[in-house]
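These notes concern the structure reproduced below.
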Amino acid sequence: MNARDIAAAAAEPFESDPHAERARLMDDLARAYRLFGVLRWGELGDGHITCRDPLQPDHMWLLRYGVPFERASAGDLVLVAPDGTATDQQGRPAAINESAYTIHHPIHEARPDIGAAAHTHTQWGTPFSAERRMIEPINQEATCFFEDHALFDDEEVQVMSTDGGKRIAAALGDCRTVILANHGLLTVGASPADAVGWFVLAERVAEVQMKAREAIPISAESARIAREDLTGADFGWTLFGWAARRHLPHEFA
């Protein structure tokens, strides 16, 4: 794959009407949760994907607590206010995974350029994070993260307040991905599809990092060339499309 392949694909849609854009993003957010579910991520309720609300940018959408990821629908999404209170779409109080608020809200607050964040505990990302090391450019996909990821090297694996989330946001900086030490991976993007596309790729890269223990990295120059050629516009959204069509084929029939 290369930038020409990405450019040939359709760009992520955008609705100029904020109400229509909210509906589009909520549909994609629910689909993103379903993709996590079929990949067997979040089977114990661990993990969360959030989406900034186009109408109230300091609010974010999140899956209501207790809904299995693979069964998520747009109707199961709840709106989380800056103070952490959540309401369903009828305005009634709703339960959420509190870690989604303490981790994600400070990231959304610190990064007005992003629209979504994704985190869950995965088969390879979590053990990779336990080694507290950076991604090395040892394969093609790994170059996508070259000089565009960070390490939150902190023992606070149980993020119990937004203070911890603020430190994660500071570690993330302006990067796309942060490795949460002894915890797992977290990615951000322009939309739920974008953030989750990058998350799926990060998990694949973590697997390679764990398996190729004696790999020889390519040079920084070669890694930058590959990164620039690979990561064109809407790259994460395009990856999400491939993964969703592969694992949720009935939704694209």
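Quick look at the numbers
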item: Some residue of segment 166-174 being more than 16 Å from residue 103 (Cβ to Cβ) and of a type outside the set (Asp, Glu); result: no
item: Pairs, first closer than 15 Å to residue 47 by Cα and touching a residue at least 60 places away in the same chain (Cβ under 8 Å) in segment 165-188, second assigned to a loop (DSSP other than H, G, I, E, B) and of a type in the set (A, V, I, L, M), C-beta under 7 Å, six or more apart; result: 165/159; 183/157; 188/114
item: Test set (1) within 19 Å of residue 62 (Cβ to Cβ); (2) among the β-branched types (Val, Ile, Thr); (3) within 17 Å of the chain's Cα centre (by Cα) - residue 159 fails condition number; result: (3)
item: Number of the exception - residue 100 against (1) touching a residue at least 60 places away in the same chain (Cβ under 8 Å); (2) under 20 Å from residue 194 (Cβ atoms); result: (1)
item: Lone qualifier among 96, 114 - being in a loop (DSSP other than H, G, I, E, B) and either farther than 17 Å from residue 191 by Cα or open to solvent by 30 Å² or more (accessible area, probe 1.4 Å) (or both); result: 96
item: Total residues in segment 12-47, condition over 18 Å from residue 188 (Cα atoms) and of a type in the set (Gly, Ala, Ser); result: 5
item: Number of positions in segment 205-235 that are closer than 25 Å to residue 104 by Cα and in contact with a helix residue (DSSP H, G or I) (Cβ under 6 Å, 6 or more places away or on another chain); result: 4
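The values are calculated or read from the model by the stated rules, or taken from the named source; none is laboratory data. Because the structure is a prediction, the values reported are computed rather than measured. We place every Cβ from the backbone using ideal geometry, glycine too, and count neighbours over all the protein chains shown. In case anyone asks, the SASA skips ligands and DNA or RNA and just uses the protein heavy atoms, side chains included. Shrake-Rupley method; radii C 1.70, N 1.55, O 1.52, S 1.80 Å.
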